[in-house]
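This report refers to the structure that appears directly beneath it.
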């Protein structure tokens with residue numbers, strides 16, 4: 001096994017994605033779709049553009065994801081009553097239920113992924129990854 005950081009990060013992500021995909025499959029969503037559902041949770045109704053901005057994805061990708069989620073009955077879209085150029089996106093009841101169950105399944109997959117580490121090492125891994133993602137050093141909160 002390589003000790004190169006890029007190799008290790010890539011293969012850790014592949015393993016996490018594999019576990020997550022297996023956990024989410026019974027709920028009929030994938031990781032990207034769950035991310036959209038979570039971006040809409042608690043902040044709905046939101047515009048398609050606002051949801052795309054929250055996730056850091058382009059509008060075209062967001063439209064494709066919302067088309068799929070709408071076909072599955074998990075979100076609904078309609079023009080904003082005050083600004084007809086703006087499409088409002090809301091979770092349906094099925095969308096809220098799926099979000100809750102899929103989030104629990106994804107959390108379990110994450111616990112399985114981190115099971116090889118003791119709790120302290122898992123916290124340190126999260127802190128280190130957050131620092132790398134943000135580009136800053138974070139204080140250890142233990």
* How many of the residues making up the range 104-135 are at negative phi, without any contact (Cβ under 8 Å) to a residue 40 or more places away in the chain and surrounded by fewer than 15 Cβ atoms within 10 Å (Cβ to Cβ)? -> 20
* Qualifying residue in the range 81-100 (condition: modelled with pLDDT of 95 or more, within 26 Å of residue 133 (Cβ to Cβ) and surrounded by 15 or more Cβ atoms within 10 Å (Cβ to Cβ)) -> yes
* Structure fact -> Residue count, the range 78-103, condition part of a loop (DSSP other than H, G, I, E, B) and either in contact with a helix residue (DSSP H, G or I) (Cβ under 7 Å, 6 or more places away or on another chain) or on the phi > 0 side of the Ramachandran plot (or both), comes to 0
* Structure fact -> Checked against (1) outside any loop (DSSP other than H, G, I, E, B); (2) surrounded by fewer than 17 Cβ atoms within 10 Å (Cβ to Cβ); (3) in contact with a helix residue (DSSP H, G or I) (Cβ under 7 Å, 6 or more places away or on another chain), residue 73 satisfies every condition except (1)
* May I ask you to verify whether residue 44 is within 21 Å of residue 77 (Cβ to Cβ), under 17 Å from the mean Cα position of the chain (by Cα), at pLDDT below 95 and not in a helix (DSSP H, G or I)? => yes
* To do: Considering each of 68, 61 in turn, give the residue that is in contact with a helix residue (DSSP H, G or I) (Cβ under 7 Å, 6 or more places away or on another chain) and either under 13 Å from residue 48 (Cα atoms) or surrounded by 13 or more Cβ atoms within 10 Å (Cβ to Cβ) (or both).
  => 68
* Determine if the range 48-64 includes at least one residue that is modelled with pLDDT under 95, over 18 Å from the mean Cα position of the chain (by Cα) and not in a helix (DSSP H, G or I). => no
* touching a helix residue (DSSP H, G or I) at 6+ places or on another chain (Cβ under 7 Å), part of a helix (DSSP H, G or I) and farther than 26 Å from residue 110 by Cβ - does that describe any residue in the range 6-15? -> no
* **The listed residue being surrounded by 18 or more Cβ atoms within 10 Å (Cβ to Cβ), touching a strand residue (DSSP E or B) at 6+ places or on another chain (Cβ under 8 Å), within 19 Å of residue 106 (Cβ to Cβ) and at pLDDT 95 or above, out of 24, 37** => 37
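The values are calculated or read from the model by the stated rules, or taken from the named source; none is laboratory data. What you see is a predicted model; the values in this text were computed from it and never measured. All Cβ positions, even for glycine, are placed from backbone atoms using ideal geometry, and neighbour counts span all protein chains on display.
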